[in-house]
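The structure appears right after this line, and notes come after that.
The values are calculated or read from the model by the stated rules, or taken from the named source; none is laboratory data. Worth saying up front: this structure is predicted, and the values here are computed from it rather than measured. Heads up, the Cβs are rebuilt from the backbone with ideal geometry, glycines too, and the neighbour counts pull from every protein chain shown. Ligands, DNA and RNA are stripped out before the accessible areas are found, and what is left, the full protein with its side chains, is counted by its heavy atoms. Shrake-Rupley method; radii C 1.70, N 1.55, O 1.52, S 1.80 Å.
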Amino acid sequence: MTGGRVVAWDRSQLQAGAEEVLDVYAEAMEVPRSHAAGRRSILLAHLDRAGLRAVAARDPGGRLVGVAYGHLGAAGQWWHDRVQSALTDAVGMPAAEAWLASAFEVCELHVLPASQGTGLGRELLDALLIGGPARTAVLTTPDRETRARSFYRSAGWVDLLRRLRFPGDPREFAVLGLRLTVTSP
């Protein structure tokens, strides 16, 4: 956690900071705040997930400038089940299970535009993933060449599946995966 910018948040801190998290999401994703507000229920539902981890960074004035969180995936969870089904169809059950069985699912990673390109995103991602119990991490990102996609590739993430569509969303997504180093206590 270079420079002490990134700190771990527990469940109660993530819950208390939900509105700030949604503000960062809206600005980073360049969507209206009203769109981001619709994600509040998703964030709150994630608070009860096993293996929940969250990290955040504030500027010297106390404004939240970056946040990342995720949890261990499991059958019966909306995102996990859709990705599991699509990945199984594409590569078969053994390969899908190798990536998704007890994977850490990165739900959100956002940095305010003014703080992008400073290394903060990498600090957040590293702090989120280092020391966790999972052997793999997975996430989805829009399936086009974006700054985020380049960022993940530079961190070693690989495409597991492309052109995935979620119900109610016209965009195509890529499922990315990263093999993690698990450290013994």
Check: Among 117-123, 167-173, 67-73, what's the highest-first ranking by average C-beta atoms within 10 angstrom per residue?
Finding: 67-73, 117-123, 167-173
Margin query: Relative contact order for the chain: what percent, with Cα pairs under 8 Å and sequence separation of 6 or more?
Written below: 20 percent
Next item on the list: Could you tell me what percent of the accessible area of the range 17-155 is made up of carbon and sulfur, with a 1.4 Å probe and every protein chain present?
Entry: 54 percent
Margin query: Between Ala18 and Ala101, what is the label-point separation in nm under the 7 Å Cα-to-beta-carbon projection?
Written below: 3.5 nm
Margin query: How would the range 128-185 be classified by its alpha-carbon gyration tensor: rounded, prolate or oblate, with rounded meaning a/c under 1.5 and the a/b versus b/c comparison settling the rest?
Written below: prolate
Next item on the list: Please give the net charge around Asp10, taking every other residue with its beta carbon less than 15 angstrom from that of Asp10, where Lys and Arg add +1 and Asp and Glu add -1.
Entry: +2
Note to self: Counting only other residues whose beta carbon sits under 14 Å from that of His46, what net charge do I get with K and R as +1, D and E as -1?
What the structure shows: +1
Item checked: (1) 50, 43, 31; (2) 109, 31, 26; (3) 47, 32, 27, with the label sought being that of the calculated Cα extents along the principal axes in Å -> (1)
Notebook entry, point to check: Using alpha carbon centroids, what distance separates the range 8-22 and the range 110-131, in Å?
Noted result: 16 Å
